[in-house]
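Take a look at the structure set out below.
The values are calculated or read from the model by the stated rules, or taken from the named source; none is laboratory data. All of these numbers come straight from a predicted model, not from anything done at the bench. Cβ placement follows ideal geometry from the backbone for every residue including glycine, while neighbour counts extend to all protein chains displayed. Calculation scope for accessible area: heavy atoms of the full protein, side chains included, ligands and nucleic acids excluded. Shrake-Rupley method; radii C 1.70, N 1.55, O 1.52, S 1.80 Å.
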Amino acid sequence: MGKYNEVVQNIVRGMLRAGLVEEVLAFARGLNESDIVPLFITDQQDVDRIVTISYYPSSLAKLVAEYRDKDKKIGMVVRSCDARAMVELAKRQQLNLENFYLVGIECYGVVKNRDKGHEIYIFSKEMKIDGELKPLDEGILSPNCRRCEYPIPTMADVSCRIEQSGETLVTANTEKGRKILSAANIPIEEGHQSDVTAMKERAARWQDKEFGELKEMESKERLSYWLSQFDKCIKCYGCRNSCPLCYCEDCYLGPERLLIQREEIPPQRLFHITRLIHVGDSCLNCGQCEATCPMEIPISKLYHMLYKELSGIFKYESGLDIDMLPPVSAITDEDLVKPGVDLD
Amino acid sequence: MNNDFEPKLLGFLCNWCSYAGADLAGVSRFQYPPNIRVIRVMCSARVDPVYVMKAFLSGVDGVFIGGCHPGECHYVKGNYYARRRAVMLRELLEVIGLEPERLKLEWVSASEGTIFAEVVKDFTQTIRSLGPNPLKSEGI
């Protein structure tokens with residue numbers, strides 16, 4: 001299936017050859033051919049291992065923010081949730097976007113569980129498994145992807161759209177993007193429009209369904225639903241460790257902070273509520289928390305639901321604009337003239 | 001509704017305005033319900049949303065945050081932060097299934113002893129009609 005990955009690989013190859021970046025982080029085949037792992041690529045020959053199939057097992061933004069040296073020039077092959085995570089982390093002074101060259105892949109959802117040995121590509125209404133085109137089965141998508149409204153990585157420097165035929169259309173979104181493409185000798189397809197209406201419709205439908213179910217409940221019923229979910233927790237810290245927005249080195253939930261008791265399982269409900277308070281205002285709905293959770297607690301649904309409510313009130317969309325600060329931790333000039341205890 | 005229900009309220013009062021307002025209510029002998037327990041904080045922005053949720057999870061029926069009027073904050077902008085957090089917290093309460101009315105933010109200045117007494121009276125009444133914190137019956 002070289003055709004599907006080829007253009008992205010060529011872009012990466014061009015970036016490395018021209019010395020724009022020292023290394024590239026992307027999902028690629030691991031030592032075992034059927035594994036897909038995040039890989040830091042410095043060597044031209046490893047570029048062939050990069051894959052673009054609809055599977056995205058962890059947040060690359062989290063990886064670079066945590067482990068990399070701050071001044072290195074790094075290229076990344078990301079989907080829009082991760083490109084948005086990069087913007088959110090840059091807002092929080094965790095990384096400098098100047099040092100990153102983001103190659104975005106247009107994404108209509110990724111699968112929740114991957115069948116090893118099968119190649120799956122998801123398009124807005126169809127999916128292609130091992131070269132065979134079928135109508136899209138929404139059941140195989142990750143639950144957060146069904147609710148996702150951001151198929152196009154406009155915040156990345158370059159966005160690549162993989163067509164059903166395997167051809168890839170490439171657009172540069174920024175000056176850096178044009179630099180990348182000229183280094184890789186790839187023609188820019190200006191102005192191709194992607195049809196996002198099907199995706200938006202799907203997102204609205206699933207949000208209505210999943211949030212609607214909860215909103216229809218009596219508040220007491222909803223409370224016991226969430227408490228019973230929280231009580232499944234085994235305090236593995238997986239949600240915190242996989243969340244691209246949880247960047248604190250000294251975490252509030254760590255045992256040394258004495259907020260959450262040691263050796264207590266399930267943890268106090270405050271564990272989940274604290275996480276909800278900390279990331280709820282700018283949750284990216286990347287779904288990493290839920291995908292990691294061994295107890296299958298639908299946490300991304302909870303965070304996304306609060307985020308949707310808050311984004312209406314604060315007129316805030318996370319991950320799109322680096323100058324738009326997180327609404328709960330930054331006040332604006334309009335706040336100063338409002339006299340009431342509410343914002344409206 | 002159980003008539004024996006006496007709400008337990010927690011108040012976070014800012015040192016410069018609301019706490020002084022509560023003090024004034026006390027020395028002027030304005031009557032207000034004894035249901036509120038007060039914690040003095042240096043600024044309403046000192047109230048971490050986690051504290052509020054910890055209070056609810058510990059069985060408090062209502063949380064009151066008192067801050068200075070906009071423009072009068074001792075630390076210039078603290079009360080604006082408190083306001084944004086309160087807006088967020090009310091939505092959060094709604095999402096997880098607690099009544100958002102259980103959290104109240106009000107501006108009370110140091111000279112507003114009567115207003116403090118009035119606010120506490122109203123808030124106690126609201127919580128009394130809402131009934132006990134449902135988390136209590138869920139087991140805390």
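Overview of values
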{"quantity": "At least 50 Å² accessible surface lost relative to isolated chain, residues of the range A:308-332 (1.4 Å probe)", "calculated": "A:328, A:331"}
{"quantity": "Largest-first ellipsoid semi-axes for the protein assembly as shown, taking √(5λ) over the Cα gyration tensor eigenvalues, angstrom", "calculated": "48, 24, 19"}
{"quantity": "For the protein assembly as shown, with +1 on Lys and Arg beta carbons and -1 on Asp and Glu, the positive-most of B:76, A:168, B:27 along the dipole", "calculated": "B:27"}
{"quantity": "Carbon/sulfur fraction of accessible area - chain A, other protein chains in place, 1.4 Å, %", "calculated": "48 percent"}
{"quantity": "Unmatched cysteines, chain A - criterion: no other Cβ of a Cys under 4.7 angstrom", "calculated": "A:107, A:145, A:148, A:160, A:233, A:236, A:248, A:251, A:283, A:293"}
{"quantity": "Gaussian network model of chain A, springs between alpha carbon atoms under 10 Å - residue of A:29, A:262, A:202 with greatest fluctuation", "calculated": "A:262"}
{"quantity": "Accessible surface of chain B, 1.4 Å probe, proportion on carbon and sulfur as whole %", "calculated": "51 percent"}
{"quantity": "Loop GluC sites (Glu not before Pro), the range A:172-280 (other Cβ atoms within 10 Å of the site Cβ: 15 or fewer; DSSP)", "calculated": "A:189, A:190, A:218, A:249, A:263, A:264"}
{"quantity": "Shielded by partner chains, the range A:273-306 residues - at least 40 Å² of accessible area, 1.4 Å probe, vs chain alone", "calculated": "A:273, A:277, A:306"}
{"quantity": "Helix-derived mean residue ellipticity, 222 nm - over the protein assembly as shown, DSSP H n ≥ 4, -39500 (n - 2.57), to 500", "calculated": "-11500 deg cm²/dmol"}
{"quantity": "Value of Rg to Rh for the range B:75-140 (Rh from inverse mean 1/r over Cα pairs, i.e. Kirkwood)", "calculated": "1.04"}
{"quantity": "Semi-axis lengths, Å, chain B, gyration tensor of Cα atoms, sqrt of 5 times eigenvalues", "calculated": "24, 19, 11"}
{"quantity": "Cα-based reach from residue A:209 at 20 Å (exclusive), listing aspartates and glutamates while leaving out same-chain residues under 8 positions away", "calculated": "A:137, A:138, A:149, A:201, A:218, A:221, A:290, A:296, A:309, B:91, B:94"}
{"quantity": "Solvent exposure of the protein assembly as shown as accessible area per residue, Å², 1.4 Å probe", "calculated": "44 Å²"}
{"quantity": "Cβ-placed point charges (K, R +1; D, E -1), dipole of the range B:1-78 about Cα centre in debye, nearest 20", "calculated": "200 debye"}
{"quantity": "Mean projected area (nm²) of the alpha-carbon convex hull when the range A:1-121 is viewed from all directions", "calculated": "7.3 nm²"}
{"quantity": "For chain A, built as a Gaussian network whose Cα springs stay under 10 Å, the top-fluctuating residue of A:228, A:219, A:194", "calculated": "A:219"}
{"quantity": "Estimated dipole of the protein assembly as shown in Debye, rounded to 20 [Cβ of Lys and Arg +1, of Asp and Glu -1, Cα centre]", "calculated": "800 debye"}
{"quantity": "log10 of Debye I(q)/I(0), alpha-carbon scatterers only, for the range A:186-339 at 0.17, 0.18 Å⁻¹", "calculated": "-1.14, -1.22"}
{"quantity": "Pairwise burial A:B, computed as accessible area of each alone minus the pair, summed, 1.4 Å, Å²", "calculated": "3300 Å²"}
{"quantity": "1.4 Å probe, heavy atoms, protein only - residues of the range B:85-121 losing at least 40 Å² accessible area vs chain alone", "calculated": "B:87, B:88, B:91, B:92, B:95, B:96, B:97"}
{"quantity": "Unit charges at the beta carbon, dipole of the protein assembly as shown: most positive-side option, A:203, A:325, B:115", "calculated": "B:115"}
{"quantity": "23 Å Cα-Cα reach of residue A:128 towards lysines, excluding residues that sit fewer than 8 places from it in its own chain", "calculated": "A:3, A:112, A:116, A:200"}
{"quantity": "Among A:151, A:194, A:181 - extreme Cα towards positive end, dipole of the range A:135-216, charges at beta-carbon", "calculated": "A:181"}
{"quantity": "Ratio Rg/Rh [Cα only; Rh per Kirkwood] for the range A:101-193", "calculated": "1.01"}
{"quantity": "Sum of side-chain charges, residue A:13 neighbourhood, beta-carbon under 14 Å (Lys, Arg +1; Asp, Glu -1)", "calculated": "-3"}
{"quantity": "Cβ-placed point charges (K, R +1; D, E -1), dipole of chain B about Cα centre in debye, nearest 20", "calculated": "340 debye"}
{"quantity": "Cα-based reach from residue A:70 at 27 Å (exclusive), listing lysines while leaving out same-chain residues under 8 positions away", "calculated": "A:62, A:91, A:176, A:179"}
{"quantity": "Most to least accessible of B:30, A:100 (protein chains only, probe 1.4 Å)", "calculated": "B:30, A:100"}
